[in-house]
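One structure is given here, and the rest of the page talks about it.
The values are calculated or read from the model by the stated rules, or taken from the named source; none is laboratory data. Predicted model only: the values in this text are computed from it and were never measured. A quick note on method: Cβ atoms are made from the backbone with ideal geometry, for glycine too, and the neighbour counts reach across all protein chains shown. Calculation scope for accessible area: heavy atoms of the full protein, side chains included, ligands and nucleic acids excluded. Shrake-Rupley method; radii C 1.70, N 1.55, O 1.52, S 1.80 Å.
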Amino acid sequence: MKMSSLAELAEQPVSHDPQLMKKVMIKNGEVPHLTGFSQATIPVNGTVTSHQHNDMYEVFLVSSGQCAMTINSVEYQLNEGSCVVIEPTEEHSLKNNGATDLILTYFGLVK
């Protein structure tokens, strides 16, 4: 059994955007096929640069706030409660275009 609390976890940089911070609740290798389970806070007008993952799915849940997420050059508006699955090789980025911090809860699954 593993248990964690966001309140007790230290922040660490997001690998492809080190200016953004995340809290990792489950680390890569702790659960089979899961590359990590994390939560990140992205400030108003903050962005995640365009990138892709060749060998994993990435699932995002907008826990709070809103953002514009671009997937393969198509922009989607995501609001609190929205969930999206990014498939391997899909290029994706996002911008917090809301009036409050964007809180994303997300995880990756090995292809």
Residues with beta-carbon under 12 Å from that of Ile103, excluding Ile103: net charge, scoring Lys, Arg +1 and Asp, Glu -1? 0
Where does each of 74-80, 63-69 land if you order them by average Cβ count within 10 Å, highest first? 63-69, 74-80
Volume per residue (Å³) of the convex hull spanned by the alpha carbons of the range 1-60 is 103 Å³
Heavy-atom accessible surface of the chain: percent carbon and sulfur, 1.4 Å: 52 percent
Just Glu58, Glu87, Glu30 to compare: in a GNM of the chain, with alpha carbon springs under 10 Å, which one fluctuates most? Glu30
Surrounding charge for Gly65, neighbours by C-beta under 12 angstrom, Lys/Arg +1, Asp/Glu -1, total -1
Would you mind computing, in nm to one decimal, how far apart the modelled labels at Ile103 and Leu9 are, each placed 7 Å from Cα along Cα→Cβ? 1.3 nm
Roughly how many debye, to the nearest 20, is the charge dipole of the chain about its Cα centre, given +1 on each Lys and Arg Cβ, -1 on each Asp and Glu Cβ, and no other charges? 220 debye
Taking R0 as 30 Å, what FRET efficiency do you get between Leu34 and Tyr76 from their Cβ-Cβ distance, rounded to the nearest 0.05? 0.75
What FRET efficiency do you get for Ile26 and Ala68 if R0 is 25 Å and r is their Cβ-Cβ distance, rounded to the nearest 0.05? 0.35
